[in-house]
Amino acid sequence: MTEIRFGVSLGTWTDGPALLTAAREAERQGFDVVTVADHLGHAAPFTTLAAAAAVTSRIRLRTYVLDAYFWNPALLAREAATLDLLSGGRLELGVGAGHMRHEHLDAGLPFPDVDERWAHTAAVVADVRRRLAAGHIPAPVQHSIPIMIAAMGERGLRMAAEHADAVGLAGGLQVPGRRAGSMTLADTVLTDARVQLVHDVAAAHGRSPELDVLLQQVVVDAEPEQAAAAAAREVAEQGMDWLTPELLLDTPFVLYAASPEEAAAELLQRAERWGVRSWSTHAPWGAALARVAAAMPDQG
């Protein structure tokens, strides 16, 4: 792949062989990163990535992203160091503040307001960094394991810009006036403002973190207007009528194009506008994004 990086989730699978096949296929397709989420009702992230590491040799391994309330910093540092060691130094540690209240309740964990959750996340990240830098046993291969912090709200992005090696822009925002968990996507104007916030805060601290955008959908075999209309109809049937075709055509968190070449050109325009050098997506859209990556012109 080019210097622009591409990632894909390992997604859902029915058994061990299916997981191993997904990991091998992601590496075969040329992806730079595989990602695993951290939710109750899903497979454990470090165990899943360790299995992926055992059947791959190059692809990097990212938690996308850990719920900071699920992890004690000492135990998280141990998990991170162990996986980095076993994988030959391929871990990217993604962390977030958590947004699923029902998962916290199920696990008997607190779910305070967003400011407190981000303060807690900052403390967890700082403690993990300290432990890994202080002669941790086992010792990770990487001198400093890269840490991604994913957010879209201002509080989280400020923290990410100040502390993370990579800032994950997932695009999701709570819909005002709707029940918790009702999510919309940031439009272009809001993305401009949030990315500028990241750049400004990072520059004030003498930092320049990588930006990763999570593409919620990738369609490269239909005209954008047709793809947006179809997606809007599908989500409207699920009650999400606020995800209109107009928003889906405007937001940078989906990618619609008539061909992989047109999609690659679109990503290059977004890279120039926002400084994004890393793009990832969910498993169902991995094959499409792999085609886009293959169509990228040489960036060297």
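Does region 131-146 include one or more residues that are basic (Lys, Arg) and within 20 Å of Gly168 (Cα to Cα)? Can you show your working first?
Pass one, region 131-146, residues basic (Lys, Arg): 131.
From what's left, within 20 Å of Gly168 (Cα to Cα): none.
No, every residue in region 131-146 fails to be basic (Lys, Arg) and within 20 Å of Gly168 (Cα to Cα).
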Subset of region 58-69 [closer than 16 Å to Ala150 by Cα and surrounded by fewer than 18 Cβ atoms within 10 Å (Cβ to Cβ)] | none
Single condition His99 does not satisfy, out of (1) out of contact with any helix residue (DSSP H, G or I) (no Cβ under 9 Å at 6 or more places or on another chain); (2) at pLDDT below 95; (3) closer than 22 Å to Ser9 by Cβ | (1)
Of the candidates Ala283, Ala264, Ala294, the one satisfying the condition of being surrounded by fewer than 16 Cβ atoms within 10 Å (Cβ to Cβ) and closer than 17 Å to Gly7 by Cβ is Ala294
Of all residues in region 28-77, count the ones that are closer than 19 Å to Ala170 by Cβ and among the polar types (S, T, N, Q).
-> 2
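Please specify each residue of region 255-300 satisfying the condition of being closer than 18 Å to Val167 by Cα and not aromatic (Phe, Trp, Tyr). Step through it out loud before you land on a result.
Filtering region 255-300 down to residues closer than 18 Å to Val167 by Cα leaves 267, 270-282.
Scanning region 255-300 gives Leu267, Arg270, Ala271, Glu272, Arg273, Gly275, Val276, Arg277, Ser278, Ser280, Thr281, His282.
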Among the residues of region 38-95, how many are among the β-branched types (Val, Ile, Thr) and in a helix (DSSP H, G or I)?
-> 3
Please work out which one of (1) surrounded by 15 or more Cβ atoms within 10 Å (Cβ to Cβ); (2) within 17 Å of Val175 (Cβ to Cβ); (3) over 23 Å from the mean Cα position of the chain (by Cα) is the condition Gln238 fails and give its number.
-> (1)
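I'm trying to understand the selection: among the residues of region 110-147, which are of a type in the set (A, V, I, L, M, F, W, C), part of a helix (DSSP H, G or I) and either farther than 19 Å from Val65 by Cβ or modelled with pLDDT under 95 (or both)?
Pass one, region 110-147, residues of a type in the set (A, V, I, L, M, F, W, C): 111, 114, 118-119, 122-126, 128, 132-134, 137, 139, 141, 145, 147.
Retained after the next criterion (residues that are part of a helix (DSSP H, G or I)): 114, 118-119, 122-126, 128, 132.
Correct list: Val114 only.
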Condition met for Gly239 (in a loop (DSSP other than H, G, I, E, B) and either touching a helix residue (DSSP H, G or I) at 6+ places or on another chain (Cβ under 8 Å) or under 30 Å from Trp13 (Cβ atoms) (or both)) = yes
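The values are calculated or read from the model by the stated rules, or taken from the named source; none is laboratory data. It should be emphasised that the depicted structure is a prediction, and the values quoted were computed from it without experimental measurement. With ideal geometry, Cβ positions are generated from the backbone for all residues, glycine too; neighbour counts draw on all protein chains shown.
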